[in-house]
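To keep things clear, I will list the structure first and then write my remarks on it.
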């Protein structure tokens with residue numbers, strides 16, 4: 001019977017060791033899961049902030065480009081308006097070129 005008690009004691013120890021290993025694995029899994037959730041939350045926060053900053057910068061750049069385009073277009077249109085037309089000189093040149101080409 002003494003051997004049976006020793007064997008039973010060893011089996012009990014093995015069962016307790018297995019339970020401890022299972023508990024430790026469950027705790028490790030819980031901690032990993034919690035750490036992943038925290039890291040994901042931090043990532044999402046940083047990502048959202050970065051995206052918002054980039055979108056604001058993009059919108060500002062677009063507004064600047066549009067304003068520059070508008071001012072350049074207006075300057076070009078003003079330069080076109082300031083050009084004086086000499087219809088007589090144009091007609092004379094066109095006649096010379098057309099008649100010269102037909103000769």
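Only the coordinates and a few stated rules stand behind these numbers; no lab work does. The structure presented is a predicted model; accordingly, all values stated were derived computationally and were not measured. Note: ideal-geometry Cβ built from the backbone for every residue, glycine included; neighbour counts use all protein chains shown.
Of note:
- Only one of 3, 55 that is surrounded by fewer than 10 Cβ atoms within 10 Å (Cβ to Cβ) and part of a helix (DSSP H, G or I): 3
- Scanning the stretch 58-90 for residues that are under 14 Å from the mean Cα position of the chain (by Cα) and exposed (fewer than 10 other Cβ atoms within 10 Å of the Cβ) returns no hits.
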